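*Asks:* My questions will all concern the structure given below.
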Amino acid sequence: MANTWWELQILCEPDLEDSIFWRLEDFGCRGTASESKGNSSLIRGYLPTIQTQLLDLAALSLRLRQDALCVGLSSPTLRWELIDEEDWATSWKQYWHPQEIGDRFLINPAWLPLPETNQRLVIRLDPGVAFGTGNHATTQLCLESLEMRLSEVPQSFVGSGNKQEHTVIADIGCGSGILSIGALLLGAEKVYAVDNDPLAVQSTISNRTLNEISAERLIPALGSVDVLTTLLEKPVDGIVCNILANVIIELVPEMSAIAKPNTWAIFSGILLEQSKAVADALEKHGWVVATLWKRKEWCCLNVRRS
């Protein structure tokens, strides 16, 4: 008998989308998608029943209402129903469409054909169960920040003579590999990508193949910064880290140890009210916050070594 899944359907105000995506992914959803329903948004998320009970769903509903109250918006409505494994594998994908991000990127679902005419850098993506589809504000902010950092680099760095062609980057908490692939398309030479979730590492490997990136340029590994220290031949030129604020704070000393005197970094996954605590931790270890970009309740810190 096939495994069964909960399909969650959340009707909400559009301004709540980002916080709901974050809450669902933090809750363990395996695939999320949204569509417009009049003046509202309908968000779908999928959870295996083996890991989720009805009491868990009731608790999630309460948290979603509390999140809405905190930002002064009306409470979303949550419904759920059971679906089979085969239905889950295709259900959420039908609601996820190509998405332009920043000035240069187009996120194209792997199961859809590539656009016939397109001037953007295309990231083909099948996130599987990993975080990082480009829907979330934190991912978008990171990709836009990478554009700024690597803005002069053409899609193919080979033989370009560009100053960025030897740039080596660490992607900490790589998820689907979307930021690693984005950095490579912008011209970085190599990315070391780590994640504590083996499913995320597998997703990054799969998406590396989808985007025809060589194994020498994108190197995924299971673990965190401690694993990077064993993989790296020398300190990195850049760091991207889209995880939770408290984890960033905890990892700052280790990330500082793999940085050069002129290394830059992009940190996101940070709620606006958490930004000061993250900035303080960075400054204690010799980083300077150059810019803070925000989108709704989320922010991204662009920093450099002092």
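The values are calculated or read from the model by the stated rules, or taken from the named source; none is laboratory data. Nothing here was measured: the structure is a model prediction, and the numbers come from that model. In this analysis, Cβ positions are derived from the backbone assuming ideal geometry, glycine residues included, and neighbour counts consider all displayed protein chains. Only protein heavy atoms, including side chains, enter the accessible area calculation; ligands, DNA and RNA are left aside. Shrake-Rupley method; radii C 1.70, N 1.55, O 1.52, S 1.80 Å.
*Asks:* Being among the hydroxyl-bearing types (Ser, Thr, Tyr) and more than 14 Å from Gly173 (Cα to Cα) narrows it down to one of Ser268, Ser206, so name that one.
*Replies:* Matching residue, one of Ser268, Ser206: Ser206.
*Asks:* What single numbered condition from (1) at pLDDT below 90; (2) surrounded by 16 or more Cβ atoms within 10 Å (Cβ to Cβ) fails to hold for Leu8?
*Replies:* Single failed check for Leu8: (1).
*Asks:* In addition: Out of (1) among the aliphatic types (A, V, I, L, M); (2) at pLDDT 95 or above; (3) open to solvent by 30 Å² or more (accessible area, probe 1.4 Å), what's the single condition that is false for Leu146?
*Replies:* (3)
*Asks:* How many residues does the range 244-293 hold that are without any contact (Cβ under 8 Å) to a residue 60 or more places away in the chain and assigned to a strand (DSSP E or B)?
*Replies:* 14
*Asks:* Here is a further query. Based on what the data block shows, is Ser75 open to solvent by less than 70 Å² (accessible area, probe 1.4 Å), on the phi < 0 side of the Ramachandran plot and within 19 Å of the chain's Cα centre (by Cα)?
*Replies:* Considered against the rule, which asks whether it is open to solvent by less than 70 Å² (accessible area, probe 1.4 Å), on the phi < 0 side of the Ramachandran plot and within 19 Å of the chain's Cα centre (by Cα), Ser75 comes out as no.
*Asks:* Failed condition for Trp88, given (1) modelled with pLDDT under 80; (2) farther than 25 Å from Gly182 by Cβ; (3) surrounded by fewer than 18 Cβ atoms within 10 Å (Cβ to Cβ), with all others met?
*Replies:* Just one mismatch for Trp88, condition (3).
*Asks:* Separate question: Looking at the range 215-243, which of its residues are touching a residue at least 60 places away in the same chain (Cβ under 8 Å) and under 16 Å from the mean Cα position of the chain (by Cα)?
*Replies:* Ile239, Val240, Cys241, Asn242, Ile243
*Asks:* Kindly provide the set of residues from the range 210-243 that are among the aliphatic types (A, V, I, L, M) and in a loop (DSSP other than H, G, I, E, B), ordered by number.
*Replies:* Looking only at the range 210-243, we keep the residues that are among the aliphatic types (A, V, I, L, M), and these are 210, 213, 215, 218-219, 221-222, 225, 227-228, 231-232, 236, 239-240, 243.
Correct list: Ile213, Ala215, Leu232, Ile243.
*Asks:* Go through the range 169-190 and count every residue that is touching a helix residue (DSSP H, G or I) at 6+ places or on another chain (Cβ under 7 Å), outside any helix (DSSP H, G or I) and either open to solvent by 10 Å² or more (accessible area, probe 1.4 Å) or under 22 Å from Pro109 (Cβ atoms) (or both).
*Replies:* Of all residues in the range 169-190, those touching a helix residue (DSSP H, G or I) at 6+ places or on another chain (Cβ under 7 Å) come to 169-172, 174-183, 186.
Keeping just the survivors that are outside any helix (DSSP H, G or I) gives 169-172, 174-177, 186.
Right, trim to either open to solvent by 10 Å² or more (accessible area, probe 1.4 Å) or under 22 Å from Pro109 (Cβ atoms) (or both) and you get 171, 174-177, 186.
Qualifying residue count, the range 169-190: 6.
*Asks:* Given the residues Ile83, Ile107, which is the only one that is open to solvent by less than 80 Å² (accessible area, probe 1.4 Å), assigned to a strand (DSSP E or B) and modelled with pLDDT under 90?
*Replies:* Ile83
*Asks:* If you don't mind, there's one more thing I want to ask. When you scan the range 95-109, how many residues do you find that are touching a residue at least 40 places away in the same chain (Cβ under 8 Å) and farther than 19 Å from Ala183 by Cα?
*Replies:* Matching residues across the range 95-109 total 2.
Let's see how each residue does on (1) part of a strand (DSSP E or B); (2) over 27 Å from Leu141 (Cβ atoms); (3) open to solvent by 70 Å² or more (accessible area, probe 1.4 Å):
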{"site": "Arg30", "(1), (2), (3)": "no, no, no"}
{"site": "Asp56", "(1), (2), (3)": "no, yes, no"}
{"site": "Glu100", "(1), (2), (3)": "yes, no, yes"}
{"site": "Trp111", "(1), (2), (3)": "no, no, yes"}
